[in-house]
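Down below is the structure, laid out as C-alpha cells.
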Amino acid sequence: MKSFASDNYAGVLPEIMESLQKTNKLHARSYGADETTKRATELFRQVFDADVDVYFVFNGTGANVLSISSATQSYNAVLCSDTSHIYNDESSAPETFTGCRFFPLAANDKGKLEPATISERLIRKGDVHYAQTAMLSITQATEYGTVYKPEEIKEIAALTKENGLYLHMDGSRFFNAAASLDCSLSDISSKAGVDILSLGGTKAGMMFGEAVVVFNKELSKHIAYKHKQVMQLASKTRFIAGQFEAMLQNELWRKTATHANKMAELLCKSLSKNRSIKITKPVEANAVFAEIPRGWYEPLQEHFPFYVWKDSTHEVRFMCAWDTQEAEIMAFADAINALAHP
C-alpha cells in the first residue's frame, strides 16, 4: 500500500535512522543537558541566522500548545484561520491547556489570512468583558498546501506588532514552504517578524519530534517552565535533537521537501488530464486538493488511501511525502483512468 493520505504515513529517512543509531551508542545527560542537544541548538541558530532558543517536543499539538502558552494568559484570545490545524484538528487541547479563547478568522480562497480580515477582529482592547487578544497564529504551509511569501508574512507581522500581539507560526510543513519558495529558513521566520515557530519534523521524515523555535526573547521568560508543565520535556531529549541535527545539516530538509513538492506537481499534472477531476487549490507545496466523483472514493482508497476534505463538494486531499515515487503516481493515475473509462 502506498498512501496519499498524509506525509505522516511515510517512514523514516535513512539519515534520520542513522542519527538515532549514533545517538543510541552512549549514555548522555538527560533533559537536554547533553552534547547532541547543544550541537543541534547551535545549528538552529546558524540556519535561522538568529540567537534563538529551541525547545524539543514530542508532537505537533505539544509544539503548538507550548508556543501559545508561552505568550498568553488564560484571559487572552488567539486569532487563527478557520481552516487552521489548531482550531480544527487538535481537539480541544490548545484551549484546554492555555485556557484561551480561539477566534477563527475567514481564510481567503487560498487558505491564507489577509491583513484586512485580521484588522476587523482587533476589537474591544481593554474591555474586561472580552477575551483580550494576545496572539495571531498562521500556518506555513497552509492547510490548503499554499504558501505565505516573505512579504506577506512581514505585512502580517507589522500589523501584529502595531497592535501589541505576538505572531505564532504553525510550521508542521515549514520545510516544504521554504523549499517551494527556494528561500532560507530565516526568510520566512526570523527575518519576516515571526515571534515563535512550531517547527515540524515528523512530516518531514523524522521518526518523532518537533521543535519550538523562539525568536522573541520576551517569550523566553517562562517557556522553560511551560515546557515541563505541558508534559513535553523529554528525559532523553537527545533523540529528538539528534534527528533535527541530521535534518538541518547540509540542508537535508531542502532535498527531501523539494522532492515531495515535485511529486505533488506531478500528481497535479496527471490528475488535470482527467475531465472528471477539478483541481481546487494552487499546488505550492506537497498537497493536491481536487474534486472527484463520490463513487471513486472506495475503489481508490482500497489501494491508495487519502482524506476526504469536504464531502459536500467531493473535495479530497492527496499528500506526497519524501518517499513518494513517480511510478506510484503513475499507478494512481492509471487507477483513476480505469474508473473514468470502465
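P(r) tail for the range 212-303, what percent of Cα pairs lie past 18 Å?
Working: 2866 of 4186 pairs.
In whole percent, the long-distance tail amounts to 68.
When the scattering of the range 7-52 is computed by the Debye formula from its Cα atoms alone, each counted once and equally, what is log10 I(q)/I(0) at q = 0.27 Å⁻¹?
-0.97
For Leu167, what is the net charge nearby, where nearby means another residue's Cβ is under 10 Å from its Cβ and Lys, Arg count +1, Asp, Glu -1?
Residues near Leu167 contribute 0 overall.
What are the radius of gyration and Dmax of the range 13-250, computed over its Cα atoms and given in Å?
17.2, 57
Among the aspartates and glutamates, which have Cα under 14 Å from the Cα of Lys25 when same-chain residues fewer than 8 positions away are ignored?
Reachable aspartates and glutamates: Asp34, Glu35.
Over the range 252-340, what is the mean sequence separation of C-alpha contacts under 8 Å (at least six apart), divided by residue count, expressed as relative contact order in percent?
32 percent
Given the options Ala211, Ala224, Ala241, state which has the largest fluctuation in a GNM of the chain using a 10 Å cut-off (strictly under) for Cα springs.
Ala224
Rank the residues Ser220, Ser312 as a footprinting-exposure proxy: fewest other Cβ atoms within 10 Å of their Cβ go first.
Neighbour counts put them in this order, fewest first: Ser312, Ser220.
Starting from the 7 Å offset along Cα-to-Cβ, what nm value, one decimal, do you get for the label separation of Ala335 and Arg29?
Between Ala335 and Arg29, the simple spin-label model gives 5.0 nm.
Provide the net charge surrounding Arg317, with neighbours chosen by a C-beta distance below 13 Å and charges set as Lys +1, Arg +1, Asp -1, Glu -1.
-3
From the mean inverse distance of alpha carbon pairs (Kirkwood) and the Cα radius of gyration, derive Rg over Rh for the range 80-144.
Radius of gyration relative to Kirkwood radius: 0.97.
Work out from phi, with θ = phi - 60° and the Karplus expression 6.51 cos²θ - 1.76 cosθ + 1.60, the ³J(HN,Hα) of each residue of the range 80-94, listed in order in whole Hz, and give x for Gly and Pro.
7, 5, 5, 9, 5, 5, 5, 8, 9, 10, 10, 6, 10, 4, x
Taking N as the number of residues in the range 1-141, what is its Cα Rg relative to 2.2 N^0.38 Å?
Output field value: 1.32.
What residue among His314, Gly295, Ala335 has its Cα farthest toward the positive end of the dipole of the range 251-342, where the charges are +1 on Lys, Arg and -1 on Asp, Glu, each on the Cβ?
His314
Arrange the following residues from fewest to most other Cβ atoms within 10 Å of their Cβ: Tyr225, Tyr148.
The fewest-first ordering by Cβ neighbours comes to Tyr225, Tyr148.
So if we plug the beta-carbon distance of Asn8 and Asp127 into 1/(1 + (r/R0)^6) with R0 = 41 Å, what FRET efficiency do we get, rounded to 0.05?
With a Förster radius of 41 Å, E is 0.50.
If we sort 114-127, 179-192, 53-66 on the protection proxy, mean other Cβ atoms within 10 Å, highest first, what's the order?
Values: 114-127: 12.4, 179-192: 20.4, 53-66: 23.6.
Descending mean neighbour count gives 53-66, 179-192, 114-127.
Quick query: amide H of Met135 versus all other amide H atoms, modeled in the peptide plane; which residues come in under 5 Å with a sequence gap of 5 or more or a different chain?
Ala77, Leu79, Tyr166
Only the coordinates and a few stated rules stand behind these numbers; no lab work does. Since the structure is predicted, the reported quantities are computational estimates derived from the model, not experimental observations. A quick note on method: Cβ atoms are made from the backbone with ideal geometry, for glycine too, and the neighbour counts reach across all protein chains shown.
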